[in-house]
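First up is the structure itself, then whatever we jot down about it.
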Amino acid sequence: MDRIVIRSMLKWPGVPSVYGWLALDRRGTWLIKTAADRFEGISNPAVVEFIGRNYSADEEGRWFFQNGPQRVFVLLHYTPWVVRFDAGDRGLVTHTNAAFAPLRAGWIDESGSLLLESDAGIGVVSDRDLPALIDRMTNGDGAPADVLLETVARGGTAECRLLGQRLRLAPIRSADAPTRFGFIARPAPKPGEPEC
């Protein structure tokens, strides 16, 4: 978290939180609510980086952007992290540009989305990067990913190798992800909590 944010939190404690104004889409784009009650992507690189550096979760699994003394809770279109594949030296990175490793396990949902779990938590692989990752996925014998994906699509589990790491793939229903991984996709104020 930025030092200026920490200082402002100490200077102005108790500022009401904001709900319903900031969202994270399935491609890792921050969206802000407009005056017309629609969400539009934030394109300013400095703002995107600032949000990313000050993005965290509370003890209940509600993800937020700490904007100075004010928490701006984030509507998640899927998972708290969106994972991208950097074909260079970095491998897997989050939408905030942090390393996403080591991998623990993977899941494939009913729409074919790939969810990966690392020490950072759970993230959905951006659909733009999914084909490149699938191309790098093999079973222990070097068989291509289509054999693994077919097994998981039928409700089974499969062991695979991805970017030099072994992980288990299993099916998951997208609706079960928040409970399974302990996050709240649509944060709301607690009873009696003031909000902006």
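The values are calculated or read from the model by the stated rules, or taken from the named source; none is laboratory data. None of these values were measured; they are calculated from a predicted model. Please note: Cβ atoms are built from the backbone with ideal geometry, for glycine as well, and neighbour counts cover all protein chains shown.
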Original post:
Restricting the search to the stretch 87-143, which residues are among the hydroxyl-bearing types (S, T, Y) and more than 25 Å from N54 (Cβ to Cβ)?
Top reply: S111, S113, T138
**OP:** For V72, work out the one condition from (1) β-branched (V, I, T); (2) out of contact with any Pro (no Cβ under 9 Å at 6 or more places or on another chain); (3) not assigned by TED's automatic domain parsing to the domain that holds G41 it doesn't fulfil.
**Re:** (3)
Original post:
In the list T151, T179, which residue meets the criterion of being touching a strand residue (DSSP E or B) at 6+ places or on another chain (Cβ under 6 Å) and either in a helix (DSSP H, G or I) or more than 22 Å from A87 (Cα to Cα) (or both)?
Top reply: T151
Subject >> N139 surrounded by fewer than 18 Cβ atoms within 10 Å (Cβ to Cβ) and in contact with a Cys (Cβ under 7 Å, 6 or more places away or on another chain) >> reply: yes
